[in-house]
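Engineer: This is the structure, below, for whatever I ask next.
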Amino acid sequence: MLHNIALLSTVTVLAVLEQAYFAVQVITFRRKFKISPPITSGPPEFERIFRAQANCSEYFPIFLSLLWVAGVFSHQVLAAFCGVIYLYARYQYFRGYMHSAERRLGPMYFSTGVLCILIGLSMVGLLVHFVRNF
Amino acid sequence: MLHNIALLSTVTVLAVLEQAYFAVQVITFRRKFKISPPITSGPPEFERIFRAQANCSEYFPIFLSLLWVAGVFSHQVLAAFCGVIYLYARYQYFRGYMHSAERRLGPMYFSTGVLCILIGLSMVGLLVHFVRNF
Amino acid sequence: MLHNIALLSTVTVLAVLEQAYFAVQVITFRRKFKISPPITSGPPEFERIFRAQANCSEYFPIFLSLLWVAGVFSHQVLAAFCGVIYLYARYQYFRGYMHSAERRLGPMYFSTGVLCILIGLSMVGLLVHFVRNF
């Protein structure tokens, strides 16, 4: 049974490593601008990177939920592939947001598109399951 | 085995769609009040809706954890039913918070009650499992 | 099959109960300092406890992801043990942060170390799985 979730688990670990990378970037900027916790405001560069990380953290459980439902009920390899693309888009989002608020928009729309594909895969997979069983 | 988690997966996708609805509301209010990211402060109406969404995001993984443990170890249909009620309470919470901070309280207490039921179902399910197996 | 995930589910419920404890602490401090939502700023004591809870919430889904991948692909008892240690470190982090920003550091580094062990367990487990199957 584990082979049905091994790729999903691998993408999950990759997603955690990406969140760790984002967290390290925030810590680096905190030190650079001397902004110690619990303070979360500062120069625009810091506020952008702080929001970038907060946004990625907020979407982390949403992404994993869809990755797993899509992977289990629809197609593991396809879901895991979408997962890797999503993580790449999130990396571009973070790097873009570091530069300017405008540069986050392209990767943001793209990552939302990947989530929509995962929602579609999940819904189709669940629908097929219910139709077959009832 | 998939039939043991199909309803839980369905509620999970519904929860994601609700989070998407909340996110779209925040974007709508950002445009209405011309508050571009990374700014998160503004008029009370905006700050309320921003906090409403942040609170729902914070409880999203907590809710899913309980939904799944309760559904797998106790009773899938009961857990999924509680899940749908919780999502409805969260919708009322969000709409109430948009109107005033006071109006969030009723649905907030109600949604906390539903989470307590899911905690109870999880604990009873796990206890029965451990008693049976040891 | 449930016995392979019963301990992971138990630690998951414990993690939820810990988050509930943190949330109650924030509510208590909100009442003490008369800081009603949606306001999130106030005296340093309140801002520290608010950030402590926000940080624990942010790491909650990351921790659960690693707990489950490590527990399923590597060793359930070992992963669950790490999970309990992590929850204890998070409790110390929260209590330390309540006192001063400096006192959060020790438990923060320790909890990060536990997450690194869970990442290691996950990676080794997945690697062994892929080597065995291909």
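Every number here is computed from the coordinates shown, using simple stated rules; none is lab data. In this text the structure is predicted, and so the values were computed from the model without any measurement. Reconstructed Cβ throughout: ideal geometry from the backbone, glycine too, with neighbour counts over all protein chains shown.
Engineer: Once the label point is set 7 Å along the Cα-to-beta-carbon vector, what list of distances in nm do you get between A:L14 and its counterparts in the other copies?
Structural biologist: Nearest to farthest, the other copies are at 3.2, 3.2 nm.
Engineer: Also: Any idea what angle helix A:105-133 forms with the longest principal axis of chain A, computed on alpha-carbon atoms, 0 to 90 degrees, nearest 10?
Structural biologist: With both axes taken from Cα atoms, the answer is about 20 degrees.
Engineer: Now for a separate question. Picking from A:P107, A:F73, A:I35, whose Cα lies most toward the positive end of the charge dipole for the stretch A:2-133 (charges on Cβ: Lys, Arg +1; Asp, Glu -1)?
Structural biologist: A:I35
Engineer: Using only the alpha-carbon atoms, how far is helix A:76-99 inclined from the longest principal axis of chain A? Give it as 0 to 90 degrees, nearest 10.
Structural biologist: So the inclination is approximately 10 degrees.
Engineer: Could you tell me the calculated FRET efficiency between A:I39 and A:N133, based on Cβ-Cβ distance and R0 = 51 angstrom, to the nearest 0.05?
Structural biologist: Working: r = 54 Å, r/R0 = 1.05.
Computed FRET efficiency for A:I39 and A:N133 comes out at 0.45.
Engineer: Given the rotation relating A and C, tell me which residue in A puts its Cβ closest to the axis and the distance in Å.
Structural biologist: A:P61, 2
Engineer: Could you work out the relative contact order of chain A, using alpha carbon pairs under 8 angstrom and six or more residues apart, expressed as a whole percent?
Structural biologist: Details: 122 pairs, mean separation 37.2, N = 134.
The normalised contact order for chain A reaches 28 percent.
Engineer: Say a label goes 7 Å from Cα toward Cβ at A:N133 in every copy; what distances in nm does this one have to the rest, shortest first?
Structural biologist: Relative to the other copies, A:N133 has label-point distances of 2.2, 2.2 nm.
Engineer: Something else: Show that you can apply the helix-only estimate: for the protein assembly as shown, add -39,500 (n - 2.57) for every DSSP H stretch of four or more residues, divide by all residues, and state [θ] at 222 nm to the nearest 500. Intermediate values should be presented prior to the final figure.
Structural biologist: Values: 12 runs with 330 residues, N = 402.
Theoretical 222 nm ellipticity from helices: -29500 deg cm²/dmol.
Engineer: Evaluate the charge dipole of the protein assembly as shown about its Cα centre and quote only its size in Debye, nearest 20, assuming +1 on the Cβ of each Lys and Arg and -1 on the Cβ of each Asp and Glu.
Structural biologist: With Lys and Arg at +1 and Asp and Glu at -1, about 820 debye.
Engineer: Taking the square root of 5 times each eigenvalue of the Cα gyration tensor, what semi-axes in Å does the equivalent ellipsoid of the protein assembly as shown have, largest first? Can you show the working numbers first?
Structural biologist: On the way: eigenvalues 191, 113, 113 Å².
Whole-Å semi-axes of the equivalent ellipsoid: 31, 24, 24.
Engineer: If you plug each phi of the stretch C:24-36 into the Karplus form 6.51 cos²θ - 1.76 cosθ + 1.60 with θ = phi - 60°, what whole-Hz ³J(HN,Hα) values come out, in order, with x for Gly and Pro?
Structural biologist: Computed from phi, the couplings for the stretch C:24-36 are 5, 4, 4, 4, 4, 5, 4, 5, 4, 9, 6, 10, 7 Hz.
Engineer: For C:F22, what charge total do you get from the other residues with a beta carbon under 11 Å from its beta carbon, if Lys and Arg give +1 and Asp and Glu give -1?
Structural biologist: Numbers: positive: C:R90, C:R95; negative: B:E58, C:E18.
Net of charged neighbours comes to 0.
Engineer: Treating the point 7 Å from Cα along Cα-beta-carbon as the label, what are the nm separations from C:R95 to the other copies, to one decimal?
Structural biologist: 4.4, 4.4
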